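Readers should treat all values here as calculations from the given coordinates under stated rules, not as data from a laboratory. Keep in mind it's a predicted model, so treat the numbers as computed, not measured. Ideal geometry is used to build each Cβ from the backbone, glycine not excepted, and the neighbour counts take in all protein chains shown.
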Amino acid sequence: MKAIWSITKKELLSYFTSPIAYIVISIFVLLSGFFFYSLVWWFNTQAIQMSQNPYYFQQININQMVFAPLFHNLSIIMLLMLPLLSMRLFSEEKKMGTEELLFTSPLSVIQIILGKYLASLIVLSAMLFLSAIPTIFTFIYGNPEPLPYLLGYLGLFLLGAAFLGLGVFWSSLTENQIISAVLTFGTLLLFWVLSWAGYSARGLWQDVLNYLSFFEHFDDMTKGILDTSHLVYYLSFAFFGLFLTHSVIQFRRWR
Amino acid sequence: MIETERLTKKYGDLVAVKDLSFRVEEGKIWGLLGPNAAGKTTTMRILTGFLPATEGRARVAGYDVFEQAEAVKQSIGYLPENVPLYPEMTVESYLGFVAEIKKVPAARKKAAIDRAVEITGLQSVRKRLIKNISRGFKQRVGIAQALIHNPKVVILDEPTIGLDPAQIVEIRQLIKSLKSEHTVMLSTHILAEVTQVCDGVVIINEGKLMASGSLEELTASLSENDGVYLKLEKIDGQIQGVFQQIPGLKNIQVEGPEIKLEWPWGLDLRTKILKLCLDHNLAIKEMRPLSMNIEELYLKIVSGGMEQ
């Protein structure tokens, strides 16, 4: 664990001594704040109108009207931004020749991969934490249900973890950071559109395509439903990304 | 300390190293010499565990490179050809990071950094960012990271490449000073570096071993005779007759202001020559060994004059 942490510390230093982490986090927090403000403003106007009718008054739900769409928007921003966090993880080591230092150290390849991945998860957590600060005010001035809110953030974290797992894999294949980011972005888009294909498919295909899509799993979590199949999906996706990274690195050395 | 046995590395159809067997003794500086693309870097990468070999065995510091990889990596300090530096780190934090991944215990980390900084003379740039220091200092940082865990074996791939002449001299001095505590193997294609720094060489070409041994041994095995060039204050027509008095001399040849004296390997006639000069009042201005210089030796070996 100590060895993994050494790599993580070094990666965090690299993230925060270059502008990339600051830019990604700032834009994410800015956009998240903008969406949150717009949704709260829209919710207020809707709530005033709906409160005039006792039937509609029952329907007012801040979780469904503010947080669920907010989390969806954030998940799309993450799809666009997280490839920028994962792109340099192995690509840069390859380009700078520092992978020779890492792979001739007594650390195992698994420890090196986990150390780097953990650093990207820490930056993701910081991103999500900072974006969550304004939303805390809804608990002070309103009474949203905490479970769907917390599961929504857990869902975002798991989604991000899966995105980053895939990003680490692509960064291990190329020394060009741009190529790494574009490949990650392209693959994530492909998984995103799988759910669209799922709508037109029938029977087993529909189930398979829906299961593979990132956002089908995410929907349930924003509604406060935690199914183990969602956890298994995201964790196995991240694990698969890291497993492929390990295979790529070993293959490159053994071929 | 370093031993390879029929080491072979293939990249697809390309054979980078073929049946390479050599031995490097403890406490010596050994040069891995060869033209570009001879397989030097591949050999070093195999020894450091960065690349696996296709066939053959290698042992470093008593451990098998393939079966005891972690122990080998712990025993080796390695400076790759492209110095592996993180420009955004300070020299100190970089060395601290390397100490951690080389598993230096936390309690000894600071002392390890201090020692590496002192050996490599990095005190003045210790707190500076790596991206802001000169090329020579970067090279020193590369050597410092290779020494940080006090390894038994230090492997340096082209340690002086791209440096200016003053920096080259400094780095060579530094490498020479490592001999007291480490076994050093360095790759180079600069022949002067071998004569100035190394105790012995492994010469490879196209992935194959051409020769290995100390410089004296190699010279001896490649030339039939030993001898000296003698520069005297005055050379006259009688001089050849004077030296013919020494038994064992095989060849006496006047070349301009010098006399070339040769005798078979195994003899050493230098004392007798000096005594003769004194007896005949011949003032000696210069006396130097006849042995092949490194360039001649290298060309003879690499051009196929010798293959082991």
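Using all pairs of distinct alpha-carbon atoms, the Kirkwood hydrodynamic radius of region B:111-158 works out to 11.1 angstrom. Over all pairs of different C-alpha atoms in chain B, the reciprocal of the mean inverse distance, the Kirkwood hydrodynamic radius, equals 21.7 Å. For chain A, a simple Cβ point-charge model (Lys and Arg +1, Asp and Glu -1, everything else neutral) yields a dipole of about 600 debye relative to the Cα centre. Projecting the Cα positions of B:G27, A:P54, A:W170 onto the charge dipole of the protein assembly as shown (unit charges on Cβ atoms of Lys, Arg, Asp and Glu, taken about the Cα centre) puts A:P54 furthest along the positive direction. The convex hull of the Cα atoms of region B:22-170, projected and averaged over all directions, covers 9.5 nm². Take A:74-83, A:186-195, A:51-60 and order them by the average number of nearby Cβ atoms within 10 Å per residue, most first; the result is A:74-83, A:186-195, A:51-60.
For region B:194-288, applying the loop criterion from DSSP together with a ceiling of 14 other beta carbons within 10 Å to the chymotrypsin sites (Phe, Trp or Tyr not before Pro) yields B:W265.
Taking every pair of alpha-carbon atoms in region B:224-290, give the share separated by more than 18 Å as a whole percent. All intermediate terms of the calculation are to be shown ahead of the outcome.
Details: 557 of 2211 pairs.
That fraction is 25 percent.
Cα-based radius of gyration for region B:1-97, normalised by 2.2 N^0.38 Å, reads 1.18.
Listed by chain and number, the lysines placed with their C-alpha closer than 18 angstrom to that of B:K179 are B:K28, B:K152; residues fewer than eight positions away on the same chain are left out. Rounded to the nearest 500, the helix-only mean residue ellipticity at 222 nm of chain B stands at -10000 deg cm²/dmol, with each DSSP H run of n ≥ 4 adding -39,500 (n - 2.57). In the calculated pair-distance distribution of region A:1-117, the portion above 16 angstrom amounts to 70 percent of the Cα-Cα pairs.
Our helix-only sum for chain A, with -39,500 (n - 2.57) per DSSP H run of n ≥ 4 divided by its residues, gives a mean residue ellipticity at 222 nm of -28000 deg cm²/dmol.
For the pair B:N36 and A:L189, label points projected 7 Å from Cα toward Cβ lie 4.1 nm apart. For region B:160-248, applying the loop criterion from DSSP together with a ceiling of 12 other beta carbons within 10 Å to the GluC sites (Glu not before Pro) yields B:E224, B:E233.
Quick one: Debye curve from the C-alpha atoms of region A:187-247, no solvent, what's log10 I(q)/I(0) at q = 0.12, 0.15, 0.20 Å⁻¹? Results for region A:187-247 at q = 0.12, 0.15, 0.20 Å⁻¹ read -0.32, -0.50, -0.83.
In loop segments of region B:170-215 as defined by DSSP, the trypsin sites (Lys or Arg not before Pro) with at most 16 further C-beta atoms inside 10 Å of their C-beta are B:K179. Taking the three principal axes of the alpha carbon atoms in region B:56-141, the coordinate ranges are 43, 31, 21 Å, sorted in descending order.
Within the protein assembly as shown, what percent of beta bridges assigned by DSSP are antiparallel, to the nearest 5? Mind dumping the intermediate values first?
Values: 38 of 56 bridges.
Antiparallel bridges make up about 70 percent of those DSSP assigns within the protein assembly as shown.
Expressed in units of 2.2 N^0.38 Å, where N is the residue count, the Cα radius of gyration of the protein assembly as shown is 1.39. Legend: distances between Cα atoms for B:K272/B:K300; B:K18/B:K300; B:K10/B:K73; A:K10/B:K138; pairs beyond 28 Å are B:K272/B:K300. Three principal axis extents describe the C-alpha atoms of region A:149-255; from largest down they are 45, 32, 24 Å. In terms of overall dimensions, region B:154-308 has a Cα radius of gyration and Dmax of 19.5, 55 angstrom. Of the residues A:T135, A:T222, A:T245, the one that moves most in a GNM of chain A with alpha-carbon contacts below 10 Å is A:T135. The value obtained for region B:165-256, namely the Cα convex hull volume divided by the number of residues, is 196 Å³ per residue. Between A:L147 and B:T54, the modelled label-to-label distance comes to 6.2 nm, taking each label 7 Å out from Cα in the direction of the beta carbon. Screening chain A for whole DSSP H helices with an alpha carbon extent of at least 18 angstrom along the helix axis and a mean Kyte-Doolittle hydropathy of at least 1.0 yields A:19-50, A:68-86, A:109-132, A:146-173, A:177-200.
Scaled against 2.2 N^0.38 Å for its residue count N, the alpha carbon radius of gyration of region A:128-178 is 1.66.
Once the Kirkwood radius over Cα pairs is known for chain A, the Stokes-Einstein relation at 4 °C and 1.567 mPa s delivers a diffusion coefficient of 66 µm²/s.
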